[in-house]
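The values are calculated or read from the model by the stated rules, or taken from the named source; none is laboratory data. Remember, predicted model here, so these are calculated numbers, not experimental data. Every residue, glycine among them, receives a Cβ derived from its backbone with ideal geometry; neighbour counts consider all protein chains shown. These accessible areas exclude ligands, DNA and RNA; they are computed on the full protein's heavy atoms, side chains included. Shrake-Rupley method; radii C 1.70, N 1.55, O 1.52, S 1.80 Å.
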Amino acid sequence: MEKNKVAVVGAGLMGNGIAQACATAGYEVVNIDTFEAAIEKAQETVEKLFNRKVAKGSMTEERKAEILGHLTYSGDLADVKGAFLIIEAVPEKIEIKKETFKKVDELADLEAVIVSNTSGLSISEIASVTNRPDKVMGAHFFYPAPVMKLLELVRGLVTSDETYDTVKEFAGKIGKTTVDAPEFPGFMVNRILVPMQNEAAFMVMEGSKPEDVDNAMKLGCNHPMGPIELTDFVGIDTMLATMTGLYNGFHDSKYRPCPLLETMVKSGMLGKKSGQGFYKYD
Ligand code: CAA
């Protein structure tokens, strides 16, 4: 099959960025979301980001038009048809992932590979609802997806070598470096990173100022963002879901999620995307 069309299912923070990264590399991309509001927000976000780059001089108007020319949006899951690669980036809940994979499996071309951008759920479990578990694997991007150079590749129990090779070749074409991560909760990066963010949240709960915790890690360890700022940036709900996945997956109390994060999520304080997290945003 021709390998030029990519479908990205989910137009939230991650799906939107992944679609941009693929379109920038020259793939014909359809970004699909069944929520119309999500599509509108994704289009607005890309437009705003590209306008900022043009104003700053890091992108020309021609290049902007060229990339946007590769990027279409759809509310219809049937538009996965014709894609050699389908990237799922729906919310980090196993039931939603499974339902999406079941539907996509029915609609996609038989030879198509379907990858999940899950940050820690079981690839084998997600693959089990499809009729092509050998053509399913994990491809975990990092936020912001167009900028971060890493792609974690995660094979399920029955992922074929051919599927792995297809995804690895695709990763190279969009300019990402890959690591082979184990199919355990958190994969590689999040298993190291998220407990650090969780511990930072405990420190804030115990009375430390968020600015102090962030400055400690920025100035003491040269991190580009402090752990609290990063939690707001990625989304407190996303970070908490990953931490809860580590806790439930390893059955180990060392991964207990910080109660402050749970309270913040319950009260709608999700970080930058909701305008309020540990810090306030306009
Ligand atoms: N989407 C697309 N591009 C973006 C972007 C976004 N959300 N945010 C910034 N950029 C681009 C800018 O347009 C700019 O591009 P140009 O150079 O072409 O103009 C470039 O990135 C640099 O941006 P800025 O100059 O505005 O800001 P910066 O130099 O401070 O970099 C940053 C911003 C790259 C986000 C940097 O702060 C950073 O690396 N932060 C840490 C990010 C990180 O740790 N990510 C991992 C999160 S964990 C995760 O993702 C796991 C998970 O499962 C969710």
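The C-beta contact set for the stretch 225-240 (first residue on the phi > 0 side of the Ramachandran plot, second residue of a type in the set (A, V, I, L, M) and near the ligand (Cβ under 10 Å from one of its atoms), distance under 8 angstrom, 6+ apart or interchain) comprises Gly235/Leu13.
Selection of first residues in the stretch 9-27 that are small (Gly, Ala, Ser) and open to solvent by 40 Å² or more (accessible area, probe 1.4 Å) and of second residues that are assigned to a loop (DSSP other than H, G, I, E, B) and away from the ligand (no atom under 12 Å from the Cβ), restricted to Cβ pairs under 6 Å at least 6 apart or on distinct chains, gives the following pairs, ordered by first then second residue: Ala25/Ile174.
Any chance the stretch 185-200 includes a residue that's in contact with a strand residue (DSSP E or B) (Cβ under 8 Å, 6 or more places away or on another chain), more than 15 Å from the ligand (Cβ to nearest atom) and of a type in the set (A, V, I, L, M, F, W, C)? No, every residue in the stretch 185-200 fails to be in contact with a strand residue (DSSP E or B) (Cβ under 8 Å, 6 or more places away or on another chain), more than 15 Å from the ligand (Cβ to nearest atom) and of a type in the set (A, V, I, L, M, F, W, C). Residues that are touching a strand residue (DSSP E or B) at 6+ places or on another chain (Cβ under 6 Å), of a type in the set (Ser, Thr, Tyr) and away from the ligand (no atom under 12 Å from the Cβ) are absent from the stretch 28-45 altogether.
Within the stretch 236-256, the set of residues being touching a helix residue (DSSP H, G or I) at 6+ places or on another chain (Cβ under 6 Å) and within 15 Å of the ligand (Cβ to nearest atom) comprises Ile236, Asp237, Met239, Leu240, Thr242, Met243, Leu246.
Residues in the stretch 46-68 that are away from the ligand (no atom under 12 Å from the Cβ) and over 20 Å from Gly12 (Cα atoms): Glu61, Glu62, Ala65, Glu66.
Return yes or no: is Lys102 in contact (Cβ under 8 Å) with a residue 12 or more places away in the chain and open to solvent by 50 Å² or more (accessible area, probe 1.4 Å)? When the stated conditions are applied, Lys102 passes them. Filtered by the rule that a residue be open to solvent by less than 30 Å² (accessible area, probe 1.4 Å) and either modelled with pLDDT under 95 or closer than 30 Å to Asp212 by Cα (or both), the stretch 152-194 gives Pro185, Gly186, Phe187, Asn190, Val194.
Would you please list the contacts, defined by Cβ atoms under 7 Å and residues six or more apart or on different chains, that run from a residue in the stretch 67-80 that is of a type in the set (Gly, Ala, Ser) to a residue that is open to solvent by less than 30 Å² (accessible area, probe 1.4 Å) and part of a helix (DSSP H, G or I)? Hits for this filter: Gly75/Ile39.
Let's see how each residue does on (1) modelled with pLDDT of 95 or more; (2) open to solvent by less than 60 Å² (accessible area, probe 1.4 Å); (3) of a type outside the set (A, V, I, L, M):
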| site | (1), (2), (3) |
| --- | --- |
| Ala89 | yes, yes, no |
| Ile96 | yes, no, no |
| Glu106 | yes, no, yes |
| Asp109 | yes, yes, yes |
| Val115 | yes, yes, no |
| Ile126 | yes, yes, no |
| Arg132 | yes, yes, yes |
| His140 | yes, yes, yes |
| Pro146 | yes, yes, yes |
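Give the stretch 220-255 a look and list any residue that's in a loop (DSSP other than H, G, I, E, B), surrounded by fewer than 20 Cβ atoms within 10 Å (Cβ to Cβ) and not aliphatic (A, V, I, L, M), or say none. Those that are in a loop (DSSP other than H, G, I, E, B), surrounded by fewer than 20 Cβ atoms within 10 Å (Cβ to Cβ) and not aliphatic (A, V, I, L, M): Asn222, His223, Pro224, His251, Asp252. Of all the listed residues (Lys64, Lys41), the sole one being over 21 Å from Ala171 (Cα atoms), open to solvent by 30 Å² or more (accessible area, probe 1.4 Å) and not aliphatic (A, V, I, L, M) is Lys41.
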